[in-house]
Amino acid sequence: MSLFLHPVFYLLRHGRTAHNAADLIAGATDAPLDDEGRRQAEAAARHWQALPIGRLHVSPLLRARQTAEALLKRRPDLRPLPAPLLAERNWGPWEGQPRAILDRDATPQGGESPQAFRARVNAACAAIPAPAPGEAPPLLIAHSGTAREIAALLDVPFIRPPNCALIRYYRGPDGAWRADPPMLPAPFSLQP
């Protein structure tokens with residue numbers, strides 16, 4: 001997997017949507033950021049504008065693209081690279097329903113199976129080019145489900161990232177992958 005040839009990479013979860021605020025399943029629904037989500041995206045862009053980023057890979061869903069736009073206003077050196085395989089899992093008829101009904105091991109009728117979703121995220125990681133000599137780490141702007149699958153592929157513990165939280169994945173001294181806990185930008189930070 002080309003992404004995993006990078007010694008470090010980042011994943012930023014998109015800002016909040018109305019689905020997130022209501023604790024509803026969004027999945028493949030192309031929901032925009034709500035007002036709070038736009039504020040979160042701006043705070044994330046401000047907080048991480050100096051983050052060394054070599055490439056920016058963005059899910060095609062509107063909430064991810066709008067989150068990327070906030071960063072791109074501050075980082076004209078970057079251009080967004082569409083990454084359709086990083087899109088959130090399609091939950092079929094469960095989309096718009098309370099998250100409490102979610103069964104990640106099930107395949108809702110017309111939705112994406114867990115195996116198909118994992119294979120798609122795996123293919124997304126393989127499609128991201130290996131690093132050029134001296135290139136800064138890539139940033140993926142995607143979804144909590146995408147982060148869950150990447151954690152499984154890397155065999156690292158998964159902590160569901162809040163909206164606009166950044167996760168740094170990196171190789172430890174022993175060569176094994178590690179992931180920092182999701183970090184929130186100020187003023188949204190829950191960490192001291």
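Quick note: the coordinates plus some simple rules give every number you see, no bench work behind them. All of these numbers come straight from a predicted model, not from anything done at the bench. Don't worry about glycine lacking a Cβ; one is built from the backbone with ideal geometry, like all the others, and counts go over all protein chains shown.
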Comparing A22, A130, A43 in a Gaussian network model of the chain (Cα, 10 Å), the one with the largest mean-square fluctuation is A22
Relative contact order of the stretch 45-137: what whole-number percent is it, with Cα pairs under 8 angstrom and at least 6 residues apart?
29
Report the trypsin sites (Lys or Arg not before Pro) located in the stretch 26-107 that are in a DSSP loop and have at most 11 other Cβ atoms inside 10 Å of their Cβ, or state none.
R104
Pick out which of E112, E135, E149 has the largest mean-square fluctuation in a Gaussian network model of the chain, springs linking Cα atoms closer than 10 Å.
E135
Rg to Rh, two decimals, where the stretch 2-179 supplies the alpha carbon set and Rh follows Kirkwood
0.95
Give me Rg over Rh for the stretch 45-121, both radii from the alpha carbons and Rh done the Kirkwood way, two decimal places.
1.09
